[in-house]
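Every number here is computed from the coordinates shown, using simple stated rules; none is lab data. Not measured: the values here are computed from a predicted model. So basically every Cβ, Gly included, is an ideal-geometry build from the backbone, and we count neighbours across all protein chains shown.
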Amino acid sequence: MMAKKAETISLIDTFAEFKETKNIDRATLVSVLEESFRSVIAKLFGSDDNYDVIVNPDKGDFEIYRNRTVVADGEVKDDNREISLTEARQIDEDYEVGEEVSENVDFAKFGRRAILTLRQTLASKILELEHDSLYNKYKDRVGEIV
């Protein structure tokens with residue numbers, strides 16, 4: 001239990017680090033965070049197109065939802081995209097075959113490696129943005145003595 005708490009804290013610390021990064025506006029920060037989560041999800045599952053990622057940089061948190069289609073028991077071919085009727089009805093007893101189930105996913109459950117990958121992905125994207133920002137600041141001043 002302690003490790004999970006530490007991992008959550010490290011993600012919040014990561015948010016704080018990037019929030020304090022100069023020259024990065026809020027919209028860019030949100031899109032970089034979302035892109036980074038999607039990149040890690042795609043590495044884990046081969047695709048991120050059935051996931052919704054909602055980032056809240058003010059609170060330093062995020063939510064990830066996985067959308068899966070309900071299929072008859074015993075007919076699940078892809079755990080990432082399909083959910084059995086029995087399993088879906090444990091979430092809500094009104095689900096029927098063919099409907100879509102959207103459930104909150106705890107990113108910490110993806111494991112330490114996924115969290116480390118996320119931190120590295122974010123760090124490299126932030127570095128890239130800082131380089132672009134610096135380049136744009138001086139690109140029109142070529143030939144000037146600063």
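What to note about this one:
Listed here are the residues, each with its yes/no results for (1) without any contact (Cβ under 8 Å) to a residue 12 or more places away in the chain; (2) touching a helix residue (DSSP H, G or I) at 6+ places or on another chain (Cβ under 8 Å).
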| site | (1), (2) |
| --- | --- |
| Val71 | no, yes |
| Arg81 | no, no |
| Ala88 | no, no |
| Ile91 | no, no |
| Val97 | no, yes |
| Val101 | no, yes |
| Gly111 | yes, no |
| Ala114 | no, yes |
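- Ser47 vs. criteria of a type in the set (Ser, Thr, Tyr) and outside any loop (DSSP other than H, G, I, E, B): no
- The number of residues in segment 96-137 that are loosely packed, with under 11 Cβ neighbours inside 10 Å and of a type in the set (Phe, Trp, Tyr) comes to 1.
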